[in-house]
Amino acid sequence: MSKETFPHLEALREEMRRVNVDAVIIPGTDPHQSEYICDHWKFRDWISGFTGSNGTAVVTLDKAALWTDSRYFLQAGIELEDSGFVMMKENMGNDPTIHEWLSEVLEEDSVIAIDGRLYSALEANQLERFCGENGFMFVTEFYPADRIWTDRPARPSGPAYVHDVQYAGEEAADKIERLLKVLDDNEATAMLVTALDDIAWLLNLRGSDVDFTPVVTAFAYISHDTRVLFIDQDKVTDEVSAHLKACDVKVRDYDDIQHFLERVSDHEVVLVDPNRVSDTLSAALPCQKVYFRSPITDLKSIKNEVQIEGFRHAMERDGAALVRLFMWIEQMAPTGSINEVDVWNKGKELRARGDLYREDSFGMICGYKEHGAIVHYEATDESASTLHGEGILLVDSGGQYLDGTTDITRTITLGNPTAQEKHDFTLVLKGHLALQRAKFPVGTTGCQLDVLARLPLWQEAMTYGHGTGHGVGHFLCCHEGPQSVRTNLVDVKLMPGMITSNEPGLYKTGEYGIRTENLLLVVEADKTEEFGNFLTFEPLTLYPYDLELIDRSMLTGEEVAQINDYHRMVRERITSLLNADEAAWLAAKTREIN
């Protein structure tokens, strides 16, 4: 068994026996339902050894399993080896779901427990219903991490800071008024805000509490009469205090939130997002609740003109940094002196030279050859492959700048590409180009466009298991809702001002991975009297596709023109940020093709 995590698993079981719990479900999230979480809340990682962003551990007194999606199958297989956990594949039709598995391994009247602070109100409700239908007892106040995780990291203590309106494009006070108007329209008098990115956007606050996402740990309660931010006091600088006072927002301690909610007037009608507010906090409210998707999610998804212009400038600086990074890779790979970790470090160094850079927007995925087939691969000093002058390299990276967030994937050849590599790369590129040039009527959702990116692969009986596109925040979460481009139904209409990624891929286990990603801005296209208004995409990302990996015989004339037009834009937008050698290199990489 694993020397690191198996003793943790046994300590958990001992705690379960102490309080008569037969099964515990441990999600990989925090009290704010965040995608990326600080170390203080990584109890699932501590118990199982699995470090992926999506995964749920379930432990009984004699069994343990972890469920994750296709992005992490290979990673989970490696990290769970000898841990006492069995990997279960989500949504693949072969392995049982968590509910099915619990029904199989538990006897009637067994006690299933969760930490209600880590479960959304909706998820807890569904689990409670499942327990009732199957004769299980359900407990929401089981907090084993507080007792057995003896070396648990503290909550982050870094200060909050104000995101200046010159980048945000709108004062926090005006955002609060817009939110209150939405609450009035939905017959609510107040809103409990728990998502960290919602709070950051609403109050124009940022922080460094979570890797890759500039948020500060806090809760907020907003009504016409009461505006309160619950935050550790040592995070509130004089600047932040003055900023909040100008918005008429009072400050209370982070741990006071539940006590405050329990004393909310029963005359209030509080809007609660059942997917984002924890079961513990939702249950604490004694008043009427309106369950509704956070209106802040919709408000912040539509970028204002200042934000959009900021994205464009951030992409120019990001593109220049990528030119320097890929030039360096091209020069160093044939020497056999750099590896995948070196690429990540070099990318951070080069981005940091640009104006307004704060940090990466996620952990770089740098996968050489077979590592590229691990969709969310993260190289370590132990796993990193050395690069050479042949084979395929996949690099998925991004930066957090004060004026925008970037996310780009490029797949390149380091030399001597095979005909199959070029064929597969071109299939992925054709899907990417098809989505990027799409024109669609107002009211279209991302799931209606997803097939455009997949069709070239489907025609050859191939596909990829992840979504094609996700929303992107402005100096916030790299993965932001509510819009997305994917096969399953997400009933959110694409609207002007929304930004989504476009990232089809193909992954051949043990061989290579291919993904091509740009960020796209939804913009107005044509308006017709008979058929109404149409929308299209403006590509924001500025970096060339690898011409050496394209099988030109597979391209149509329209696709060739599209590539040439895009490369011309890339060249025109970032050449002024490069020195003579870099500009010449970029000119060669963006040369016109026939």
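Can you give me the long-range amide H partners of T237? Hydrogens built in the peptide plane at 1.01 Å from N, cutoff under 5 Å, separation of 5 or more residues or another chain.
A160
Once the mean 1/r over all distinct Cα pairs of the range 58-209 is inverted, what Kirkwood radius in angstroms do you read off?
Evaluated on the range 58-209, it is 19.7 Å.
Which of the peptides 127-136, 449-458 is most tightly packed, and how do the rest follow, judged by the mean count of other Cβ atoms within 10 Å per residue?
449-458, 127-136
When the chain is fully extended, how far beyond the present Cα-Cα distance does N304 get from N275, taking 0.36 nm per residue of separation?
7.8 nm
Going toward the positive end of the dipole of the chain, with +1 on Lys and Arg Cβ and -1 on Asp and Glu Cβ, which of P504, T213, M327 do you reach last?
M327
Test of understanding: what is the full-extension gain from K493 to H423, defined as 0.36 nm times their sequence separation minus their Cα-Cα distance?
Here the segment from K493 to H423 would lengthen by 21.8 nm.
How many nm separate the modelled label positions at K245 and E524, each set 7 Å beyond the Cα in the direction of the Cβ?
4.3 nm
Between K439 and L356, what is the label-point separation in nm under the 7 Å Cα-to-beta-carbon projection?
My value for the distance between the label points is 3.2 nm.
At a probe radius of 1.4 Å, what is the per-residue accessible area of S208, in Å² to the nearest 10?
Probe radius 1.4 Å; accessible area of S208 about 80 Å².
Can you find, among M495, P156, P286, the residue farthest towards the positive end of the dipole of the chain? Put +1 on the C-beta of Lys and Arg, -1 on that of Asp and Glu.
Of the listed residues, the answer is M495.
Using alpha carbons only, what's the Rg to Rh ratio of the range 440-594 with Rh from Kirkwood?
Rg/Rh for the range 440-594 comes to 0.99.
What is the magnitude of the charge dipole of the range 261-384 about its Cα centre, with +1 placed on the Cβ of each Lys and Arg, -1 on the Cβ of each Asp and Glu, and no other charges, expressed in debye to the nearest 20?
320 debye
Highest first, please rank the peptides 25-33, 92-100 by the mean number of other Cβ atoms sitting within 10 Å of their residues.
25-33, 92-100
In degrees from 0 to 90, rounded to the nearest 10, what is the angle of the helix 340-352 Cα long axis to the longest principal axis of the chain?
For 340-352 against the chain, the angle is about 90 degrees.
What does the charge dipole of the range 65-111 about its Cα centre add up to, to the nearest 20 debye, if the Cβ of each Lys and Arg holds +1 and the Cβ of each Asp and Glu holds -1?
That gives a dipole near 300 debye.
Could you order the peptides 358-364, 326-332, 378-384, 274-280 from most to least packed, using the average number of other C-beta atoms within 10 Å per residue?
The most tightly packed comes first, giving 274-280, 358-364, 326-332, 378-384.
Could you give each residue of the range 133-150 its phi-based ³J(HN,Hα) in whole Hz, using Karplus coefficients 6.51, -1.76, 1.60 with θ = phi - 60°, and x for Gly or Pro?
Ordered by residue, 3J(HN,Hα) equals 6, 10, x, 9, 8, 10, 10, 10, 10, 10, 10, x, 4, 5, 9, 9, 8, 6 Hz.
Could you give the length gained on full extension between F138 and D225, defined as 0.36 nm per residue of separation minus the Cα-Cα distance, in nm?
Stretched out fully, the F138 to D225 stretch lengthens by 27.6 nm.
The values are calculated or read from the model by the stated rules, or taken from the named source; none is laboratory data. Everything numeric in this text was worked out from a predicted model, so none of it was measured. Cβ: placed from backbone, ideal geometry, glycine included. Neighbour counts: every protein chain shown. Areas reflect the complete protein model, heavy atoms only, side chains present, ligands, DNA and RNA absent. Shrake-Rupley method; radii C 1.70, N 1.55, O 1.52, S 1.80 Å.
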